[in-house]
1. For region 65-113, how many residues are surrounded by fewer than 15 Cβ atoms within 10 Å (Cβ to Cβ) and either under 20 Å from ILE134 (Cα atoms) or under 13 Å from the mean Cα position of the chain (by Cα) (or both)?
2. Between GLU133, GLU116, which is over 14 Å from the mean Cα position of the chain (by Cα), of a type in the set (Asp, Glu) and open to solvent by 20 Å² or more (accessible area, probe 1.4 Å)?
3. Would you check if GLN94 is closer than 22 Å to ASN126 by Cα and touching a residue at least 24 places away in the same chain (Cβ under 8 Å)?
4. Scanning region 1-43 for residues that are modelled with pLDDT of 95 or more and on the phi > 0 side of the Ramachandran plot, which turns out least open to solvent (accessible area, probe 1.4 Å)?
5. Just one of the numbered conditions (1) in contact (Cβ under 8 Å) with a residue 24 or more places away in the chain; (2) open to solvent by 40 Å² or more (accessible area, probe 1.4 Å) is not true of ASN46; which one?
Amino acid sequence: MTVLYTAEATATGEGRGGHTRSSDGVLDLDLAIPKEMGGPGGAASNPEQLFAAGYAACFHSALQLVARRSKVDITDSKVTAQVGIGPNGNGGYQLSVGLVVDLPGVPADKARELTEAADQVCPYSNAVRGNVEIDLRVA
């Protein structure tokens with residue numbers, strides 16, 4: 001694989017309750033364990049939110065690419081990623097992902113076709129396929 005871009009971020013402090021910063025300083029934020037997982041929650045992010053934001057943006061870009069290739073207008077489209085975390089039964093944790101694709105004005109069968117095509121193009125989908133349960137839904 002020829003690498004086109006490398007993102008770099010460093011986590012410090014208490015891991016999930018610490019801090020993260022990208023090498024260019026654009027991302028620079030505190031992290032907190034969600035209340036649902038026994039933490040304080042509050043006005044700080046967490047790794048699952050960051051993963052959800054990245055996956056939603058990446059999948060939306062893949063969706064726009066396949067729509068352009070198919071000459072389908074997906075103006076006002078949006079992708080919502082829902083990232084869950086829970087015990088894996090072996091003493092560790094695992095993720096689940098729900099991707100909700102909203103394609104206003106696109107017929108349901110075409111929307112489903114584009115969503116499935118985007119799932120094959122998206123780097124996040126390709127990275128987690130076979131390791132993370134993915135629920136693709138068309139709104």
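The values are calculated or read from the model by the stated rules, or taken from the named source; none is laboratory data. Remember, predicted model here, so these are calculated numbers, not experimental data. Glycine gets a Cβ as well: all are built from the backbone with ideal geometry, and neighbour counts include every protein chain shown. Heads up: the accessible areas ignore ligands, DNA and RNA and are worked out on the full protein's heavy atoms, side chains in. Shrake-Rupley method; radii C 1.70, N 1.55, O 1.52, S 1.80 Å.
1. Count: 12.
2. Criteria check complete, one pass: GLU116.
3. Yes; evaluated as a whole, the condition is true for this residue.
4. Of everything passing the filter in region 1-43, GLY25 is least open to solvent (accessible area, probe 1.4 Å).
5. Going through the list (1) in contact (Cβ under 8 Å) with a residue 24 or more places away in the chain; (2) open to solvent by 40 Å² or more (accessible area, probe 1.4 Å), ASN46 breaks only (2).
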